[in-house]
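Peer 1: Have a look at this one.
The values are calculated or read from the model by the stated rules, or taken from the named source; none is laboratory data. Given the structure is predicted, the values throughout are model-derived calculations rather than measurements. Quick reminder, even Gly has a Cβ in these numbers, built from the backbone with ideal geometry, and neighbours come from all protein chains shown.
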Amino acid sequence: MTLISYFDLHVGLELPAQEFVFTRVDLIKYAGASGDFNVIHWNERVATEVGLPSVIAHGMLTMGTVIRVVTDWLGDPGKITSYSARFTRPIPVPDSDEGATIKVTAKITELLENNQAVISILAIHNDVTVLAKTVVTVTLKP
Amino acid sequence: MAINPEFIGRTYPPTPVYFVGREKIREFATALGDTASCYFEVDSARALGYPDLIAPPTFAVVVTMKAGEQVVFDPELALDYTRVVHGEQKFVHQRPIFAGDQLTSTVSVDSIRSAAGNDMIMVKAQVHSTSGELVSTVYSLLVSRGVEEPT
């Protein structure tokens, strides 16, 4: 695989967009792998009792998934030196085969010294932004 | 009730060593639906210049979870966990986490502020290797939703 070079980049460059789907089993797998067993991610009865429309995806499942727009493009996840996000809206995951779809786009917003690039990610579910201020810094080879 | 700002700077003891295993990295990547070969095949990770499997960029949440619970369940801080939501998250990596790493996490209360009846606590976890090298710093904003006062 040919890795991305800093000199291939420019501000405004759009990374390949992707769509991701969460179904109930994805929440259960993430709960087990991460150790986050908060009931609002797997128990519909409790989730609706506290006013949610359904069980909701873990914010960290969303954050861990949408970063693939960057890592798949980059070919080397170890080049990510910082990654931050604000959880603005929950993603309800219905009990259906279709699940919940997240549409993810990303673009370069800034080029820094020392071969660093800043990337902004946009994650949309049902026309609503579910992560805000989602910013990734990558440090590339020259 | 607002959280006492005197908790800013409170630091908790380092956690016991977390031994990063290859199968845990594979399990975590699988749970994210991510099939990148550097999470599964040692030769692929080595081809990128790494000593062993590399962990996904958000794997540090697994390593720091026990450390963060020290804050969430601190009886003196007295957070009502049923009212706590995860507001923001940030990772700053000095290097990736690798299979074979032996890591400890040290958490501290980085800041406390109140807005619109909610308390916001920024928890900072520093992840070090057992040789003392800083590997990652993980920031989590916990938002404790305020209880409406009866009028």
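Peer 1: Out of curiosity, is B:VAL63 more than 13 Å from every other protein chain (Cβ to nearest Cβ), touching a Leu at 6+ places or on another chain (Cβ under 8 Å) and in contact (Cβ under 8 Å) with a residue 40 or more places away in the chain?
Peer 2: no
Peer 1: Right, another one. Can you name every residue in region B:45-95 that is in a strand (DSSP E or B) and basic (Lys, Arg)?
Peer 2: Residue satisfying the conditions is B:LYS90 alone.
Peer 1: Would region A:97-105 turn up any residue that is in contact with a helix residue (DSSP H, G or I) (Cβ under 7 Å, 6 or more places away or on another chain), buried (at least 22 other Cβ atoms within 10 Å of the Cβ) and away from chain B (no Cβ under 14 Å)?
Peer 2: no
Peer 1: Which residue is surrounded by the fewest Cβ atoms within 10 Å (Cβ to Cβ), if the candidates are limited to region B:70-93 and must be of a type in the set (D, E, K, R) and away from chain A (no Cβ under 14 Å)?
Peer 2: Once the filter is applied, the top-ranked residue is B:GLU76.
Peer 1: Quick check: anything in region B:96-113 assigned to a loop (DSSP other than H, G, I, E, B), of a type in the set (Asp, Glu) and buried (at least 19 other Cβ atoms within 10 Å of the Cβ)?
Peer 2: Within region B:96-113, one or more residues are assigned to a loop (DSSP other than H, G, I, E, B), of a type in the set (Asp, Glu) and buried (at least 19 other Cβ atoms within 10 Å of the Cβ).
Peer 1: Tell me, please, whether a residue that is at the interface with another protein chain (Cβ under 9 Å from one of its Cβ atoms), of a type outside the set (Gly, Ala, Ser) and in contact (Cβ under 8 Å) with a residue 24 or more places away in the chain can be found in region A:24-34.
Peer 2: yes
Peer 1: Follow-up question, since we're still on this one. Which ranges mark the helices (runs of 4 or more DSSP H) fully within region A:35-86 that have 3 or more residues being within 10 Å of chain B (Cβ to nearest Cβ)?
Peer 2: It comes to A:59-66, A:68-74.
Peer 1: Here's a follow-up. Only one of these is under 14 Å from the mean Cα position of the chain (by Cα), more than 9 Å from every other protein chain (Cβ to nearest Cβ), of a type outside the set (D, E, K, R) and surrounded by 14 or more Cβ atoms within 10 Å (Cβ to Cβ): B:THR15, B:THR58. Name it.
Peer 2: So the residue among B:THR15, B:THR58 that is under 14 Å from the mean Cα position of the chain (by Cα), more than 9 Å from every other protein chain (Cβ to nearest Cβ), of a type outside the set (D, E, K, R) and surrounded by 14 or more Cβ atoms within 10 Å (Cβ to Cβ) is B:THR15.
Yes or no, residue by residue, for (1) surrounded by 15 or more Cβ atoms within 10 Å (Cβ to Cβ); (2) hydrophobic (A, V, I, L, M, F, W, C); (3) modelled with pLDDT under 95; (4) within 20 Å of B:VAL63 (Cβ to Cβ):
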| site | (1), (2), (3), (4) |
| --- | --- |
| A:ASP36 | yes, no, yes, yes |
| A:VAL50 | no, yes, yes, no |
| A:PRO53 | no, no, yes, no |
| A:MET60 | yes, yes, no, yes |
| A:VAL70 | yes, yes, no, no |
| A:PRO77 | yes, no, no, yes |
| A:ILE80 | yes, yes, no, yes |
| A:ALA85 | yes, yes, no, yes |
| A:THR88 | yes, no, yes, no |
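Peer 1: I'm told B:ALA45 meets every condition in (1) buried (at least 16 other Cβ atoms within 10 Å of the Cβ); (2) within 26 Å of A:ALA57 (Cα to Cα); (3) among the aliphatic types (A, V, I, L, M); (4) more than 7 Å from chain A (Cβ to nearest Cβ) except one. Can you identify the failing condition by its number?
Peer 2: That leaves (2) as the condition not met.
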